[in-house]
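Asks: Take this structure, written in structure tokens, and hold onto it; I'll ask about it next.
Quick note: the coordinates plus some simple rules give every number you see, no bench work behind them. Everything quoted here is computed from the prediction, not taken from an experiment. Here Cβ is always computed from backbone atoms with ideal geometry, including for glycine, and neighbour counts include all displayed protein chains.
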Amino acid sequence: MLLKLLYDFAYSRNLLNDLAFEEKPVRWIIQLNSDGSLRGQGPIETTGKKNQGKPLRCPRIIGDTNSGMIADFLAEGIDGMFGLSPNLKKPKDQVKLDAKHKHFWDQILECHNATEEVALTALLNFHKNLTNSPPSFLVQEDENWFVISSQGERRKLGNDEFTFKVNDDLLLENTKVCDYWKGKFSESSEVDDDDKNSKAEVVSGICLVTGEFAQIARTHNPKIQGVPNTQGSGAKMVSFEKSSPSFSSFGLTHCFNAPISTEAATAYCVALRKLLTEEDHHLRIGQTSICFWAREAKEASSFFARMLNRPDPASVAAFLKAPWSGIDREQAKHDQFYSVTLSGNAGRIVVRHWMQATLEAAREHLRQWFGDLEIVTYGNPTAQANRKPKAKVDGGDTDSGMPPLALYRLACTTVREAKDLQAETLSQLYRATLEGTAPSLMLLKPVLNRLNADLCRFGAGILETPISGKAMRAISDSNTPIPPPGQSRMALLRMLLNRNIKEGDPMIEPKVFETPDPAYNCGRLLAIFDDLQMQAHSYKLEGAGVVERYYGSASSAPNSAFGILWRLHQHHLRKISRNGDAGKRAAEAIKRRIGDIAALFPQPAPNLPPQFPRTFSLQEQGRFALGFYQQMAVRRSAIDEYQRKKKAGELKPEEIDDVLELADNE
């Protein structure tokens with residue numbers, strides 16, 4: 001069924017019209033006269049994105065691109081065209097360089113002999129006149145190559161592509177040459193690289209994809225590129241082990257076990273290649289690629305790609321408010337949405353999961369997904385200072401700018417480094433997004449483990465969005481990958497708990513809420529104890545605080561941890577109350593907040609500490625984390641509001657009791 005859907009996609013998008021060619025940027029066009037002499041001072045410079053040149057229709061390469069000895073036809077860099085290493089500071093292997101250079105001109109000669117095209121004679125004469133030296137328009141200076149353009153301007157050479165124009169004939173558009181390459185490419189696609197030395201067997205039969213009687217493909221080409229953990233030259237989705245008897249039923253070998261016509265095999269391979277190269281049709285998360293498309297609504301794919309990869313707060317809010325804005329819902333009920341999750345294993349592609357649903361159902365599940373991820377933001381999203389220390393994010397740059405609710409960010413909450421992401425984790429989250437399933441509760445464990453480790457090492461600043469400057473500096477100094485922000489962690493925790501809710505457990509709200517749940521309230525209490533300690537030290541605490549010291553034990557064995565914290569908080573209250581009238585008001589305000597939460601726990605006797613649970617289960621640890629986070633967000637919101645009103649001169653005397661001048665140090 002999947003291959004049939006890919007086959008239909010190829011024909012609906014007219015992908016089979018021109019398999020032998022692909023579009024790529026070509027920056028330089030070398031102008032030649034009919035005798036092969038250079039016309040003008042140098043090549044014409046074309047314009048395009050990032051100085052790479054104008055996108056032109058170029059012949060698709062044939063052969064193993066990983067070998068370093070296979071050249072493109074007609075459009076190449078200076079390595080293949082002139083046998084020169086583009087990077088003089090890191091020269092290429094000379095043997096491979098010579099082989100690639102020879103292959104480029106051998107292809108020109110072969111095409112010339114087959115077509116007798118006079119323009120190719122000019123190219124061969126041009127090459128002959130070079131006498132193993134660089135062309136006059138290439139200049140070496142300070143270990144860099146420079147190009148003298150047709151206008152006499154010097155341009156530094158990058159990874160640029162060159163091609164030829166003879167008189168006014170651009171060879172990439174020459175009819176004879178293009179027809180020759182179509183035939184050449186077609187011949188190369190009929191036989192797999194592993195079978196070039198064997199005689200291809202011709203078998204006809206009923207194609208499993210089309211249901212028609214046709215010639216059956218021995219191997220399925222072209223190879224599919226873009227799937228992680230596959231060979232650079234590409235991999236196959238359908239293949240069979242040659243030597244295994246279990247794949248040779250009834251005397252059938254290779255792909256004749258699952259007969260697919262040459263036309264259908266080419267179509268589904270081309271369709272998958274297209275999906276894997278279009279930003280609107282695929283996501284790459286860790287070692288997994290996810291492709292998706294709608295049968296009719298072409299714009300649907302770009303919407304899903306944007307909402308999964310770049311769900312900025314404004315677009316998410318607008319989507320939740322009006323999920324069907326601008327959409328013909330009746331059409332969405334009938335249109336189909338398809339998705340396939342892929343990973344690789346050298347020369348083979350592994351299909352992890354595939355789904356088919358109505359476009360309406362997929363969009364509704366996406367709405368539910370963002371609703372379940374809704375969580376209060378703790379931090380200052382507009383803050384810019386100290387946000388980009390020299391540390392790696394996901395093994396790459398300091399800050400990729402990906403929103404907290406992006407699927408990739410959410411998945412990264414389960415691991416220390418992105419390279420450790422598991423395909424099964426990604427598959428579960430993706431299914432939860434578009435199928436409305438509940439991911440396994442076992443995902444709670446890695447999320448909570450990473451949260452505990454990061455809190456104990458870097459403090460509560462890692463829960464902010466973006467991560468606080470102090471925490472970022474600590475992460476940078478430790479030379480460790482920057483973890484996802486707090487919103488990513490807590491949004492995923494809330495979704496996991498609510499979609500796997502058990503009878504008697506509370507449904508977690510986006511913001512702090514009243515509940516008798518002991519785990520959630522213990523988390524809130526720890527946040528207030530942290531606030532109390534910060535105020536007791538005038539927000540200038542040096543070293544580890546209660547969060548770094550006690551979060552791990554408080555979230556798993558609360559009775560032992562809160563026994564210590566209860567005694568410690570009384571010391572902090574006394575310290576604050578000695579700071580004059582303002583300190584007394586602050587101590588009373590915090591004491592009231594602690595008392596309100598403590599009243600929700602059993603109390604053995606008057607004037608004794610509450611009785612806390614001995615241990616918390618995995619789900620309870622998740623609710624503890626959310627209670628802690630949401631209470632921290634309340635504190636930050638109160639401080640931000642206090643400072644805003646103070647700056648605007650709107651502060652009332654009675655409001656000082658809630659957030660005192662001490663907050664100015666925050």
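Asks: Calculate the spin-label point distance for residue 144 paired with residue 131, positioning each point 7 Å from the Cα along the beta-carbon direction, and give it in nanometres.
Replies: Result: 3.0 nm between the two label points.
Asks: Rounded, prolate or oblate for the stretch 21-183? Axes are the square roots of the Cα gyration tensor eigenvalues, ordered a ≥ b ≥ c, and the cut-off for rounded is a/c under 1.5.
Replies: rounded
Asks: Using R₀ = 22 Å, calculate the FRET efficiency as 1/(1 + (r/R₀)^6) where r is the Cβ-Cβ separation of residue 614 and residue 564; round to 0.05.
Replies: 0.90
Asks: Residues of the stretch 579-613 with the amide nitrogen closer than 13 Å to a label point 7 Å from the Cα of residue 638, along Cα-to-Cβ, please.
Replies: Only 585-597 pass the distance filter.
Asks: Then there is this: Taking Cα atoms, how many degrees apart are the long axis of helix 518-536 and the longest axis of the chain, rounded to 10 and kept between 0 and 90?
Replies: Once rounded, one gets 80 degrees.
Asks: Sticking with this structure for a sec: By count of other Cβ within 10 Å, fewest leading, how are 238, 26 ordered?
Replies: Sorted ascending by nearby Cβ count, the order is 238, 26.
Asks: Follow-up question, since we're still on this one. For residue 170 paired with residue 537, estimate the spin-label separation in nm (one decimal), with each label point 7 Å from Cα along the Cα-to-Cβ line.
Replies: 6.7
Asks: Projected onto the charge dipole of the stretch 21-183 (+1 at Lys/Arg Cβ, -1 at Asp/Glu Cβ, origin at the Cα centre), which of 33, 87, 132 gives the Cα projection farthest towards the positive end?
Replies: 87
Asks: Over all distinct Cα pairs, what is the inverse of the mean 1/r for the stretch 472-598, reported as the Kirkwood hydrodynamic radius in Å?
Replies: When all Cα pairs of the stretch 472-598 are included, the Kirkwood radius is 16.7 Å.
Asks: What nm distance separates the two modelled labels at residue 320 and residue 95, each placed 7 Å from Cα along Cα→Cβ?
Replies: 6.1
Asks: Taking the highest mean first, how do the peptides 622-634, 495-507, 207-219 order by number of other beta carbon atoms within 10 angstrom per residue?
Replies: With the highest mean Cβ count within 10 Å placed first, the list reads 622-634, 207-219, 495-507.
Asks: In degrees, nearest 10, range 0 to 90: what is the angle between the Cα axis of helix 423-434 and the longest Cα principal axis of the chain?
Replies: Result, in degrees: 80.
Asks: Shape call for the stretch 282-499 from the C-alpha gyration tensor, a ≥ b ≥ c root eigenvalues: rounded (a/c under 1.5), prolate (a/b greater than b/c) or oblate?
Replies: The shape class here is prolate.
Asks: Using the count of nearby Cβ atoms within 10 Å as a rough guide to exposure, how do 515, 437 rank from fewest to most?
Replies: 437, 515
Asks: Hey, another quick one. Using DSSP to call loops (not H, G, I, E or B), can you name the chymotrypsin sites (Phe, Trp or Tyr not before Pro) in the stretch 276-343 whose Cβ has at most 13 other Cβ atoms within 10 angstrom?
Replies: Answer in residue order: 324.
Asks: Follow-up. Note the full-extension length gain between residue 456 and residue 500 as 0.36 nm times their separation in residues minus their Cα-Cα distance, in nm to one decimal.
Replies: So the extension gain works out to 13.1 nm.
Asks: Which length gain, in nm to one decimal place, applies between residue 581 and residue 49 when the Cα-Cα distance is subtracted from 0.36 nm times their residue separation?
Replies: Length difference between fully extended and current span is 185.1 nm.
Asks: Determine the sum of side-chain charges near residue 512: Lys and Arg each +1, Asp and Glu each -1, restricted to other residues whose C-beta is under 14 angstrom from that of residue 512.
Replies: Taking every Cβ under 14 Å from that of residue 512, the sum is +1.
Asks: Sort largest first and round to whole Å: the equivalent ellipsoid semi-axes of the chain, each the square root of five times a Cα gyration tensor eigenvalue.
Replies: Working through the eigenvalues yields semi-axes of 61, 32, 21 Å.
Asks: Can you give the FRET efficiency to the nearest 0.05 for residue 8 and residue 121, using r as the Cβ-Cβ distance and R₀ = 41 Å?
Replies: 0.35
Asks: Moving on. Mind ranking 583-590, 94-101 by how tightly packed they are, going by the mean number of other C-beta atoms within 10 angstrom, highest first?
Replies: 583-590, 94-101
Asks: Continuing with this model, one more query. By per-residue mean of other Cβ atoms within 10 Å, what is the highest-first order of 280-288, 568-576?
Replies: 280-288, 568-576
Asks: Show that you can apply the helix-only estimate: for the chain, add -39,500 (n - 2.57) for every DSSP H stretch of four or more residues, divide by all residues, and state [θ] at 222 nm to the nearest 500.
Replies: One gets -13500 deg cm²/dmol as the mean residue ellipticity at 222 nm.
Asks: Also, I was wondering about something else. Starting from the stretch 17-92, pick out the trypsin sites (Lys or Arg not before Pro) whose DSSP state is loop and whose Cβ has at most 13 other Cβ atoms within 10 Å.
Replies: 89
Asks: Also, I was wondering about something else. Work out the charge dipole of the chain with +1 on the Cβ of Lys and Arg and -1 on the Cβ of Asp and Glu about the Cα centre, then indicate which of 260, 341, 186 is farthest towards its positive end.
Replies: 341
Asks: Within 13 Å, Cβ to Cβ, of residue 55, how many net charges do the neighbouring residues add up to if Lys/Arg are +1 and Asp/Glu are -1?
Replies: +3
Asks: Quote the FRET efficiency, to the nearest 0.05, computed for residue 553 versus residue 480 with a Förster distance R0 of 25 Å and r equal to the Cβ-Cβ distance.
Replies: 0.60
Asks: Moving to a separate point now. List the lysines whose alpha-carbon lies under 19 Å from that of residue 419, not counting same-chain residues fewer than 8 positions away?
Replies: The qualifying lysines are 392, 445.
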